[in-house]
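One structure is given below, encoded as structure tokens.
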Amino acid sequence: APGDCKKLTLSRNSRRIMSSAAKMLETMREKLDKIPILQKAEEAIKIPKEYIVIGAGCIFFMLFFFGIGAGSLCQLVGFVYPAFKSFQAIENKIRGDDTQWLIYWVVYVFFTIIEFAVDFLLYWIPFYYAFKLAFLLWAMLPQTKGAKYLYDMFLKN
């Protein structure tokens, strides 16, 4: 019967999807096994670590997407990691990383002052905090050296 053929096709497709999802979860678990804090969290709350990460990622995405706490998140991202790396640079004898983080802080403060001055306009820009987060990551990451680029192009002279 034609209805049986559709059910059989749906059954095969759903088995294929479930198999693929199980393989992805297994691969994810192997990678997450290298993170000790997730092992402790898994033991404490009795939820597999891959579900913890997926759930936290979904919550993070939803909060950020809808703008709930996005400003605070951007402040944390723009401050905590660079502050940690700045302390490491102070303790390290290599001079290049000191310069990178000093330039980042100059750009960060400049950006913060401009943001404060035009705050009433930023309210109307959709996904402003997503753009701000991308900008902060671009500016801080050593791979992109965005802060140095901005400093050299606009602030240096």
Could you list all residues from the stretch 26-40 that are in a loop (DSSP other than H, G, I, E, B) and of a type outside the set (Asp, Glu)? 34, 35
Against the condition under 22 Å from the mean Cα position of the chain (by Cα) and open to solvent by 100 Å² or more (accessible area, probe 1.4 Å), how does residue 88 come out, does it pass? no
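Yes/no matrix, rows are residues, columns are (1) open to solvent by 50 Å² or more (accessible area, probe 1.4 Å); (2) small (Gly, Ala, Ser):
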residue	(1), (2)
106	yes, no
123	yes, no
127	yes, no
143	yes, no
146	no, yes
150	no, no
154	yes, no
For residue 37, only one of the following conditions fails: (1) loosely packed, with under 13 Cβ neighbours inside 10 Å; (2) modelled with pLDDT under 85. What is its number? (2)
Pick from the stretch 112-131 the residues that are under 21 Å from the mean Cα position of the chain (by Cα) and modelled with pLDDT under 90: which of them is nearest to residue 69 (Cα to Cα)? 129
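Conditions (1) loosely packed, with under 10 Cβ neighbours inside 10 Å; (2) in contact (Cβ under 8 Å) with a residue 12 or more places away in the chain; (3) farther than 23 Å from residue 144 by Cα, marked per residue:
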| position | (1), (2), (3) |
| --- | --- |
| 15 | no, no, yes |
| 20 | no, no, yes |
| 31 | no, no, yes |
| 42 | no, no, yes |
| 47 | no, no, yes |
| 57 | no, no, yes |
| 81 | no, yes, no |
| 101 | no, yes, no |
| 112 | no, no, no |
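The values are calculated or read from the model by the stated rules, or taken from the named source; none is laboratory data. The model shown is predicted, which means the values in this text are computed figures rather than measured ones. Glycine gets a Cβ as well: all are built from the backbone with ideal geometry, and neighbour counts include every protein chain shown. To get the accessible areas, we keep the full protein, side chains included, count just its heavy atoms, and leave off ligands, DNA and RNA. Shrake-Rupley method; radii C 1.70, N 1.55, O 1.52, S 1.80 Å.
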